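So that we are looking at the same thing, I have put the structure below in structure tokens.
The values are calculated or read from the model by the stated rules, or taken from the named source; none is laboratory data. Note that this is a predicted model, so its numbers are computed, not measured. Methodologically, a virtual Cβ is constructed for each residue, glycine included, from the backbone with ideal geometry; neighbour enumeration extends over all protein chains shown.
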Amino acid sequence: MTQKNSNFSRRVFIKTASVGAVAGSAMPGLACRAKKSEHTGILDVRPHELMLIVAKIGAGLKDDLGDARLTEILQIVRRDPSQPITLKCPVTSNYSFQNPDELTEPEEERLFYLRSDLYILQRMGMAPGVTKPAIEFFQRLYDGVKTAKGILYFDEITADTWKGLEKEGRNYDKGRAMGNRIVIPVRDQKEEAEYKIDSVKVMYEADRLKIRPHHLMCMTCFYGRQTFKPISEDNLFEAIDVIQKTPEIPVELVCGPCMICPPCYNYNPGTGQCVSPFSMAVRDELKDLSVLQALGLKYGDVLPARELYTLLFDRIHVQTQICGWGDGVVTSPEWTVCTAGPEPGPEYAKGRAAGLGFLNQ
Ligand code: SF4
Ligand code: SF4
């Protein structure tokens, strides 16, 4: 995301905000249609190329990685962190359906690169042919491939075929030590702060709140925590504050990012999407739909805050019901369970018991 684009997007945000709309909710009816996202197409990448990009940055390179192919991948994913990537490698098994069209490495290096590809996939808990938004692959690489030793380089070189890429491997280790967002940097903090100021102003001036369904619950968890004060990362405090001061304010249930999101480091102002590297966007979509199902509502419905929260607290008693998929079982990294804290906590129940600080008044 370039500064230029961010500034442009902020102007668009302010313009739309002036009529009470926030990205993702300007046209709730349309926003809820599952349109295919617009990208330049799916990018085919070899798993070891992900590691080499980190290695180049670990070696001190910045935008130009000194390799046309790796530089192009870097530019694409930085421009659009949601760019879909398919990880492909040339196997002989029944996964050969996804084999790359062409191989660029010399014949004598193919075994080494294929082993690297498969080991990286193993560490990331994936199989050849997997397609995901780019930002998620780089997070899973960071989480799963803690060192290049044993993948790109070895303690002992057993044969020429297995001489590996020691320099690149050690640079990967350096790059990984630089943090999990070196390939796709987090949002600019100054921009986040500006969005915080603008979006809070919009929220306090609005004649209705636009909230995604499961954020009603997050507001409750937030209220149920020890400290109840504004934070820079989102607008949960402010949404609660508005409702406590004006309990009859209409709340519209919107699809995708809402008035809570603009200052969040996972919010992409250019697309109005949540680009969390932890598959949070897809998890949150299921939570939204589960809240709507429990409440018997749909996107676009508008209810006074008092009525909406009375219904919510009547139908949803514990966070596990929605955010723990009913049974609290984590079936894959894409479907982790939010506990609202380091441990499965009582936040939602506490916030519910307190009526979000206004229902029991
Ligand atoms: S458990 Fe997490 S996702 Fe669920 S309502 Fe609480 S803070 Fe939100
Ligand atoms: S993580 Fe995503 S949904 Fe949650 S506040 Fe940030 S942008 Fe919004």
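Grab the helices (runs of 4 or more DSSP H) fully contained in region 39-133, keeping just those with 3 or more residues being under 27 Å from Tyr267 (Cα atoms) and not acidic (Asp, Glu).
Details: elements: 47-58, 68-79, 110-124.
Because the criterion is at least 3 residues that are under 27 Å from Tyr267 (Cα atoms) and not acidic (Asp, Glu), the helices (runs of 4 or more DSSP H) in region 39-133 that meet it are 47-58, 68-79.
Name the residues in region 253-298 that are over 27 Å from Glu136 (Cα atoms) and either of a type in the set (Phe, Trp, Tyr) or more than 16 Å from ligand 1 (Cβ to nearest atom) (or both), would you?
Gly296, Leu297, Lys298
Does region 277-295 contain any residue that is more than 23 Å from Pro84 (Cβ to Cβ), surrounded by fewer than 16 Cβ atoms within 10 Å (Cβ to Cβ) and away from ligand 2 (no atom under 15 Å from the Cβ)?
Looking for residues that are more than 23 Å from Pro84 (Cβ to Cβ), surrounded by fewer than 16 Cβ atoms within 10 Å (Cβ to Cβ) and away from ligand 2 (no atom under 15 Å from the Cβ), one finds at least one in region 277-295, hence yes.
So, one more: Just checking, how many residues over region 222-260 are in a loop (DSSP other than H, G, I, E, B) and not aromatic (Phe, Trp, Tyr)?
Result for region 222-260: 21.
Scan region 262-281 and give yes if some residue there is outside any strand (DSSP E or B), touching a strand residue (DSSP E or B) at 6+ places or on another chain (Cβ under 7 Å), at pLDDT 95 or above and in the same structural domain as Thr339 (by TED's automatic domain parsing), otherwise no.
no
Cβ-Cβ under 6 Å, sequence separation 6+ or interchain: first residue in region 93-105 and surrounded by 12 or more Cβ atoms within 10 Å (Cβ to Cβ), partner assigned to a helix (DSSP H, G or I). Which pairs?
Glu105/Tyr113
Here's a follow-up. Within region 192-213, which residues are more than 16 Å from ligand 1 (Cβ to nearest atom) and either among the β-branched types (Val, Ile, Thr) or within 18 Å of the chain's Cα centre (by Cα) (or both)?
Selection gives Glu192, Ile197, Val200, Val202.
In the set Leu141, Leu114, Leu121, Leu87, which member is at pLDDT 95 or above and within 18 Å of Thr161 (Cα to Cα)?
Criteria check complete, one pass: Leu114.
Given the condition more than 11 Å from ligand 1 (Cβ to nearest atom) and closer than 30 Å to Val77 by Cβ, answer yes or no: does some residue in region 301-309 qualify?
No, that holds for no residue.
From Tyr195, Tyr223, grab the single residue that is touching a Gly at 6+ places or on another chain (Cβ under 7 Å), outside the structural domain of Val77 (by TED's automatic domain parsing) and crowded, with 16+ Cβ neighbours inside 10 Å.
The conditions single out Tyr223.
Out of curiosity, is Gly351 within 11 Å of ligand 1 (Cβ to nearest atom) and surrounded by fewer than 16 Cβ atoms within 10 Å (Cβ to Cβ)? Let's see the steps before the verdict.
On the way: within 11 Å of ligand 1 (Cβ to nearest atom): yes; surrounded by fewer than 16 Cβ atoms within 10 Å (Cβ to Cβ): no.
Criteria not met by Gly351.
Identify, from the list Val202, Val186, the residue that is under 29 Å from Asn268 (Cα atoms), touching a residue at least 24 places away in the same chain (Cβ under 8 Å), within 16 Å of ligand 2 (Cβ to nearest atom) and in a helix (DSSP H, G or I).
Val202
Go through Tyr309, Tyr299 for me and flag whichever is of a type in the set (Phe, Trp, Tyr), touching a Leu at 6+ places or on another chain (Cβ under 9 Å) and within 16 Å of ligand 2 (Cβ to nearest atom).
Selected residue: Tyr299, the only one of Tyr309, Tyr299 that is of a type in the set (Phe, Trp, Tyr), touching a Leu at 6+ places or on another chain (Cβ under 9 Å) and within 16 Å of ligand 2 (Cβ to nearest atom).
Which of the residues that make up region 314-340 are surrounded by 13 or more Cβ atoms within 10 Å (Cβ to Cβ) and either of a type in the set (A, V, I, L, M) or touching a residue at least 60 places away in the same chain (Cβ under 8 Å) (or both)?
Ile316, Val318, Gln319, Ile322, Cys323, Pro333, Val337, Ala340
Restricting attention to region 226-261, and to residues there that are farther than 14 Å from Phe358 by Cβ and touching a strand residue (DSSP E or B) at 6+ places or on another chain (Cβ under 6 Å), which single residue is surrounded by the most Cβ atoms within 10 Å (Cβ to Cβ)?
Met259
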